Each structure stands twice: as C-alpha cells, then as structure tokens.
Amino acid sequence: MKYKFPKDFLWGVSTSAYQTEGNGSNTDWWFHETHKKHTDKYPEEPSGIANDFWNRYEEDINLVSELGCNSFRISVEWARIEPTEGTFDEEAIFHYKKILQYAKSKNLKIFLTIHHFTIPLWFREKGGFESLSAAKYFSRYALKVVEEFNDYVDFYITINEIEVLTLMGYIRGSWAPMKKNNLLAIWVHINLLNCHNRAYKTIKKKYSAKIGLVKNISWYEGKGDSLLDKLNARAAFFINNHLSLIPVSRNIDFIGLNYYFSNLIRNFIVCNPCDPESDLGWWISFEGLRNTLVSLRRYNKDIYITENGLADAEDEKRSWFIKNMLITAHQALDANDVRVKGYFHWTLTDNYEWHHGYWPQFGLVKIDRKDNLKRVKRKSFNYYKMICKTGIIEDTIY
Ligand code: BGC
C-alpha cells in the first residue's frame with residue numbers, strides 16, 4: 001500500500017542551538033556543567049564544542065538539502081544575541097543571518113525557535129523564568145529576534161516544551177536550574193505561558209509573522225480494562241496536554257507537536273511494556289501519535305509535528321520508526337481530518353542530549369566524536385531522503 005502526502009506538506013529536520021553549536025558558555029546550562037559537584041549525577045558530561053555547528057553550519061545545511069527536505073527547524077541562543085542585559089551582539093546576529101541566509105539559499109522554509117531550554121547568565125541571575133519580570137525580558141528579546149531575522153523566517157516558535165522545562169528543571173531537578181520544588185514548578189509553568197502570550201502580542205503589534213508554541217505530548221492509555229486506569233490515563237493526558245494549551249489557544253497560529261512516546265497507566269503508575277523501545281527506554285507507540293493528533297483537532301489550528309525521533313545508536317529501528325509514524329500521521333490526516341501540515345524528524349545529527357550527554361544518539365547522521373566530529377550518514381538517512389523526495393511512504397520498504 002502507498003501513502004501519498006499532499007504536495008504542500010513540509011518535510012524537515014529539527015535541531016536546537018545549544019545541542020549543536022558548541023561553546024554555549026554564557027548560558028545557565030554551561031554554568032551547571034562547569035559547577036557540577038562530584039556528588040551530582042547530572043549532567044553526565046559537559047557539552048563542550050557539541051557538533052561545532054556554529055562553524056560547520058554549511059556542511060550540515062548541505063545535508064538537510066541532500067535529504068530533499070523543504071524545511072528546517074533551528075533555534076537561536078538568547079545568550080549569544082543578548083549576552084548582557086539589554087545589549088544585543090551585532091556580530092552574533094550577523095552570524096545567525098549568515099546561517100539563515102545559507103539555509104534560504106537551499107530553498108528551505110525556516111521554523112525558528114526563539115527559546116529552546118537555555119537562558120543567558122544575566123537572566124539566570126535575575127531568577128530566570130521564576131522572575132516576575134521574565135515576560136518583559138523574554139518579549140523584548142523575542143521582538144529583537146523577529147526584527148533581525150524576519151527576512152529569512154517563515155514560522156516562529158516562541159518556546160520549546162514549557163512542560164518539559166518545568167518537569168526536568170523544577171520537579172526532577174536534573175536540568176538547569178536543578179531544583180526540586182513542585183510549587184515553584186507550577187509558578188514557572190504559568191510564567192512561561194505568560195512569556196509566550198506577551199511575546200506573541202508584542203510581535204503581532206508590528207509583524208504579521210506566523211507564531212506558534214511547541215508542546216511535547218505523550219499519549220496516556222489505561223492498561224487493561226480497569227475503569228480506574230482509564231480515568232487516570234484521561235486525567236494525566238488532560239493535565240499534560242490541554243492544561244498548557246488552553247491558556248495560549250488564542251495566541252497561537254499553529255501548534256507544534258513533539259511526540260516521542262506513550263505511557264500505559266496501571267494503579268496510578270506508568271507501566272509500559274519493554275518492547276519496542278528506544279535506547280533511552282522510551283516505549284514506541286504509533287497509535288499514541290494518532291490519538292494525540294486527533295485530540296488536538298479541537299483547537300482548529302494547523303499542526304506541525306515539530307519533533308519525532310528516537311535514540312538508536314545502531315540505527316536498527318529508525319527507518320521502521322519513521323515509516324510507521326508517518327503512516328500513522330497520514331491516517332490521522334486522511335481518515336480523521338486532522339490538519340497535519342508537516343513533519344520534522346528529530347534530528348539531523350547526533351547531538352548533546354542534555355543531562356545524558358552524548359551517548360543517546362538521535363541522528364540520521366552519526367557524529368564521530370573520535371574523528372574530528374565527522375558526519376557519517378546512517379542507513380535511515382537514505383530512507384528518510386526517499387520519503388522527503390517523493391512524499392510517498394510504501395508499506396513494504398524500509
Ligand atoms: C527536546 C530536545 C531533545 C529531544 C530528545 C525534546 O524534548 O526538544 O531538545 O533532545 O526531546 O530527548
């Protein structure tokens with residue numbers, strides 16, 4: 001069977017600044033990497049030079065183009081653009097323009113993420129997203145990004161995954177700012193939604209840019225037939241999903257969905273089958289993507305799958321994963337009438353996977369860290385390339 005996507009469907013790969021650029025020394029993440037005590041478990045290793053995307057961007061954008069993608073999701077580092085409070089760095093801005101220009105020269109539509117997890121040190125010292133003034137600082141920076149880069153950008157994403165940032169930074173405490181405080185987590189969550197809303201309104205006063213928010217959504221399913229498990233799963237999904245989307249639903253032009261895994265719930269706890277899973281132990285469920293997409297229909301917005309991928313160093317499951325996720329997305333589009341407009345694979349090259357360091361490998365392209373960060377295409381690179389070039393998934397080939 002063949003699944004044909006619409007002609008105007010966007011095919012892309014998704015990346016982020018801190019995970020690829022290297023030397024993000026003016027950020028809160030770098031601070032935690034360099035101030036790690038020997039009793040701290042995380043981060044498992046420092047980011048260092050990452051993939052040196054800052055200097056090797058042409059090589060990587062050539063790979064995006066070779067894949068046959070028509071789109072590219074990239075982020076900018078706040079700490080480079082506004083290294084000290086209220087001062088913008090013209091050199092860094094110029095460098096980002098060169099990167100974006102180069103991507104444009106390859107006919108790529110640009111999705112630009114304004115904030116992908118890291119903040120400048122000066123903002124950290126002011127309390128970061130805990131600060132009552134966070135929305136003021138964030139929207140000033142966001143407006144500057146649009147003023148400078150609007151000639152190159154097709155879609156803006158204000159903030160990547162508000163809920164992951166609060167979960168990892170304020171509940172689990174394994175990401176910057178490494179706190180474990182549930183009440184603070186709730187406040188930061190509200191404040192981040194506020195940052196989005198204010199940035200959206202500030203930008204819209206001057207620009208007709210398309211602006212969205214990227215949300216990480218896991219599907220929750222009750223294990224077995226128990227009514228209690230089913231109700232718990234519904235509640236978990238509502239909290240995880242709609243509680244963050246409802247407060248911004250008037251201030252988004254599209255929804256960015258990052259979908260990685262689903263969770264089975266039994267007696268209030270997550271109880272996933274061990275198979276099939278990624279190198280990080282994430283349970284792979286295709287049906288979860290479909291259910292999630294269907295649940296987003298109520299917002300009546302275009303949906304872009306802005307991240308979807310898996311840690312798979314041996315590249316054993318990646319092509320199979322891509323094939324089935326895309327068949328599922330196609331079914332949602334075709335049979336359920338969901339407005340899915342694009343798919344961005346996470347990610348182009350192996351990169352810095354936050355508190356885990358470099359061992360989880362999500363790339364269509366391997367980075368050989370022992371050989372001058374050499375880019376080595378995996379088999380799945382060619383599989384995804386075939387899809388991007390034709391817009392067709394064939395049931396049997398992967
Ligand atoms: C984040 C990425 C991360 C990926 C895989 C997403 O939650 O946006 O930065 O690398 O998941 O863990």
Out of ASN291, ASN324, which single residue is away from the ligand (no atom under 15 Å from the Cβ), farther than 21 Å from GLU161 by Cβ and among the polar types (S, T, N, Q)? ASN324
Taking segment 231-252 as the region of interest, how many residues are out of contact with any Asp or Glu (no Cβ under 8 Å at 6 or more places or on another chain) and open to solvent by 20 Å² or more (accessible area, probe 1.4 Å)? 13
Matching option when the condition is farther than 17 Å from VAL294 by Cα and away from the ligand (no atom under 16 Å from the Cβ), among TYR152, TYR220, TYR170: TYR152
Tell me, please, whether a residue that is over 23 Å from SER25 (Cβ atoms), open to solvent by less than 30 Å² (accessible area, probe 1.4 Å) and among the small types (Gly, Ala, Ser) can be found in segment 57-72. yes
Search segment 380-398 for residues that are touching a residue at least 60 places away in the same chain (Cβ under 8 Å) and pair each with any residue that is among the hydroxyl-bearing types (Ser, Thr, Tyr) and open to solvent by 60 Å² or more (accessible area, probe 1.4 Å) when their beta-carbon atoms are under 6 Å apart and the residues are at least 6 apart or on different chains. TYR383/TYR398
Just the residues that are more than 14 Å from ARG198 (Cβ to Cβ) and small (Gly, Ala, Ser), please, taken from segment 125-171. GLY127, GLY128, GLY169
Just checking, does segment 88-97 include any residue being at pLDDT 95 or above and within 16 Å of the ligand (Cβ to nearest atom)? no
Residue list for segment 355-389, restricted to those being in a helix (DSSP H, G or I), open to solvent by less than 10 Å² (accessible area, probe 1.4 Å) and among the aromatic types (Phe, Trp, Tyr): PHE381, TYR384
Consider THR306 carefully, then state whether it is within 23 Å of HIS116 (Cβ to Cβ), among the hydroxyl-bearing types (Ser, Thr, Tyr) and within 12 Å of the ligand (Cβ to nearest atom). yes
Of the residues that sit in segment 29-56 and are polar (S, T, N, Q) and in contact (Cβ under 8 Å) with a residue 40 or more places away in the chain, which one is farthest from ILE119 (Cα to Cα)? ASN51
Among strands (runs of 3 or more DSSP E) lying entirely in segment 250-345, which contain 3 or more residues that are free of Cβ contacts under 8 Å to residues at least 60 places away in the same chain? 262-266, 302-307
Name every residue in segment 254-287 that is within 12 Å of GLU221 (Cβ to Cβ), under 18 Å from the mean Cα position of the chain (by Cα) and crowded, with 22+ Cβ neighbours inside 10 Å, in order of residue number. SER262
Subset tally (residues that are open to solvent by 50 Å² or more (accessible area, probe 1.4 Å), touching a Lys or Arg at 6+ places or on another chain (Cβ under 9 Å) and assigned to a helix (DSSP H, G or I)) for segment 17-49: 1
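For (1) under 21 Å from HIS116 (Cβ atoms); (2) touching a strand residue (DSSP E or B) at 6+ places or on another chain (Cβ under 8 Å); (3) not charged (D, E, K, R), each residue gets a yes or a no:
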site	(1), (2), (3)
ASN241	yes, yes, yes
SER244	yes, yes, yes
SER249	no, no, yes
LEU293	no, yes, yes
ASP312	no, no, no
ALA329	no, yes, yes
Would you pick out the residues in segment 310-321 that are in contact with a helix residue (DSSP H, G or I) (Cβ under 8 Å, 6 or more places away or on another chain) and within 15 Å of the ligand (Cβ to nearest atom)? LEU310, ASP312, ARG318
Which residue pairs have Cβ atoms closer than 8 Å, lie 6 or more positions apart in sequence or on different chains, and pair a first residue in segment 94-107 that is among the aromatic types (Phe, Trp, Tyr) with a second residue that is surrounded by 11 or more Cβ atoms within 10 Å (Cβ to Cβ)? TYR96/VAL76; TYR96/ARG80; TYR96/ILE81; TYR96/GLU148; TYR96/PHE149; TYR102/TYR57; TYR102/GLU58; TYR102/ILE61
Just to be sure before I move on: is SER14 more than 16 Å from the ligand (Cβ to nearest atom), modelled with pLDDT of 95 or more and either closer than 21 Å to GLU353 by Cβ or under 17 Å from the mean Cα position of the chain (by Cα) (or both) in the structure I sent? no
Flag if GLY357 is within 30 Å of LYS179 (Cβ to Cβ) and out of contact with any Phe, Trp or Tyr (no Cβ under 8 Å at 6 or more places or on another chain): yes
Could you check PHE344 against (1) open to solvent by 20 Å² or more (accessible area, probe 1.4 Å); (2) in contact with a Lys or Arg (Cβ under 9 Å, 6 or more places away or on another chain); (3) within 16 Å of the ligand (Cβ to nearest atom) and say which number it fails? (1)
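The values are calculated or read from the model by the stated rules, or taken from the named source; none is laboratory data. Because the structure is a prediction, the values reported are computed rather than measured. A quick note on method: Cβ atoms are made from the backbone with ideal geometry, for glycine too, and the neighbour counts reach across all protein chains shown. Quick note on the areas: whole protein, heavy atoms, side chains included, nothing else; ligands and nucleic acids left out. Shrake-Rupley method; radii C 1.70, N 1.55, O 1.52, S 1.80 Å.
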